[in-house]
Amino acid sequence: MRRLTSIGQPLDMSPNAFGEPRLSNDALDDVPELRRRIAADGYLFFREFFGREETIGARREVVNWLDGGGMLDRGRPVLQAVAATHASTRIEPEVGKFPSVRRIMYGGCIMQFYERFLGGTARAYDYIWLRVPSPGQVTGPHCDIIYMGRGTTNLYTSWVPLGDVLLEHGAPLILEGSHRVEKLKTNYGRMDIDRDRNWRKVRFRHCRFFRGGDYSRNPRAVQRQFGLRWLTTNFFVGDLLVFTAYTMHASLDNVSNVIRISADTRYQLASEPIDERWIGDNPIGHSQAE
C-alpha cells in the first residue's frame, strides 16, 4: 500500500500503528456480539449493508446538485463527481433537499438495526450531515461528543459512503479503542464547542495552533500519544460504518480529483435525552447555540 497522509503528514503504517477495520457482517444478527465488538473497538463496519440501487440513487441526487452549482467538471460523467478546478466544497446540511439520502438515513433497514442493537425504540437526529469534501480537503482528529453532548452519551454515528470512497478520496480514519481512553473522555470529551466558544479559541497541541473542535491537527502525533492504531480501508457503495460518540476519527487527505460524497447522522434510544441542536423541523445546529 502506498504511503497515506492526513493533514499533509505521512501516517505511520507499521502494524502497531495502522490497520484495516474488522468486518462485522458475520455478526449482523448477533446483537450481543455486536455490542461486545463496539465496546472493545469503538466501531462496527459492514459491507453491502444498503442496496446498491438506493445508494446510487442518493448519489445521483447529490451530484446533480453539485453539477447545478458548477462544482463538477462538465467534461466528465456527472456520477464520477470529478471536481471543477475552482470547486470548494466541504459540508452541506441536507435540510430536506435530497429525498433519497433521507430514505437511506431514516429507512427501515438502518432503524431496525438500531432498534435491535440498542434494545428499544430508536431515534435519529433530524439533521443529516452531507459531506462533499473537494480535492485537498481533510477532517482532523476529533470525537463527536463535543459537538452533540447535551443529550445521552449512548449515541452512535452512522457514516454512509454515497458512492465508492477510496483511500485517495479521503477515506475515514478510526482510532481503534480510543473511546476507552479515560483521560480523553474526561478532559477533551467534556468540551461543548458552542458553550465553550471553541470556534474562536486558539489552542496548541502537538506543535500546532488551531481553532475549533479538533483534538489535534497532527494525526501522527495522536497515534503516538495514545499508542493505538489508525484504521481505514477502501469503502464501497452500500457500506456502513458505525462508531461511538467518543471514538476519535479523522480522514485521509483527498488527493484525488473527485468530490468525496457521504452522509452521516446520529442514533440513540428515543427514551433518552437528546441534544436540542439537532432536532426539529429546522435544527439550529451551531448557529444559535451557546
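Would it be correct to say that R260 is touching a residue at least 60 places away in the same chain (Cβ under 8 Å), of a type in the set (K, R) and closer than 22 Å to L44 by Cβ?
Yes; evaluated as a whole, the condition is true for this residue.
Look at segment 200-229 and say how many of its residues are outside any loop (DSSP other than H, G, I, E, B), closer than 22 Å to A245 by Cβ and touching a residue at least 24 places away in the same chain (Cβ under 8 Å).
5
Let me spell it out: the conditions are (1) more than 19 Å from the chain's Cα centre (by Cα); (2) surrounded by fewer than 19 Cβ atoms within 10 Å (Cβ to Cβ); (3) in contact (Cβ under 8 Å) with a residue 12 or more places away in the chain, and R90 meets all of them except one. Which number is the exception?
(1)
Assuming F236 fulfils every condition listed in (1) in contact with a Lys or Arg (Cβ under 9 Å, 6 or more places away or on another chain); (2) without any contact (Cβ under 8 Å) to a residue 40 or more places away in the chain; (3) of a type in the set (A, V, I, L, M, F, W, C) apart from one, which condition is it?
(2)
Suppose we filter I145, I110 for residues that are under 23 Å from E54 (Cβ atoms) and part of a helix (DSSP H, G or I); which single one remains? Walk me through it before giving the result.
Working: I145 fails: under 23 Å from E54 (Cβ atoms).
Every option except I110 fails the conditions.
Could you please let me know if S158 is modelled with pLDDT under 95 and either touching a strand residue (DSSP E or B) at 6+ places or on another chain (Cβ under 7 Å) or surrounded by fewer than 19 Cβ atoms within 10 Å (Cβ to Cβ) (or both)?
For S158, the condition - modelled with pLDDT under 95 and either touching a strand residue (DSSP E or B) at 6+ places or on another chain (Cβ under 7 Å) or surrounded by fewer than 19 Cβ atoms within 10 Å (Cβ to Cβ) (or both) - is not met.
Which numbered condition trips up D73, out of (1) more than 18 Å from P133 (Cα to Cα); (2) surrounded by 12 or more Cβ atoms within 10 Å (Cβ to Cβ); (3) not small (G, A, S)?
Of the numbered conditions (1) more than 18 Å from P133 (Cα to Cα); (2) surrounded by 12 or more Cβ atoms within 10 Å (Cβ to Cβ); (3) not small (G, A, S), the odd one out for D73 is (1).
Could you tell me which residue of segment 14-36 is farthest from H169 (Cα to Cα), considering only residues that are of a type outside the set (G, A, S) and in contact with a Leu (Cβ under 7 Å, 6 or more places away or on another chain)?
So the residue we want is L34.
Among residues belonging to segment 36-57 that are small (G, A, S) and assigned to a helix (DSSP H, G or I), point out the one that is surrounded by the fewest Cβ atoms within 10 Å (Cβ to Cβ).
Residue satisfying both the conditions and the ranking: A39.
The values are calculated or read from the model by the stated rules, or taken from the named source; none is laboratory data. For clarity, every value in this text was computed on a predicted model and none was experimentally measured. Don't worry about glycine lacking a Cβ; one is built from the backbone with ideal geometry, like all the others, and counts go over all protein chains shown.
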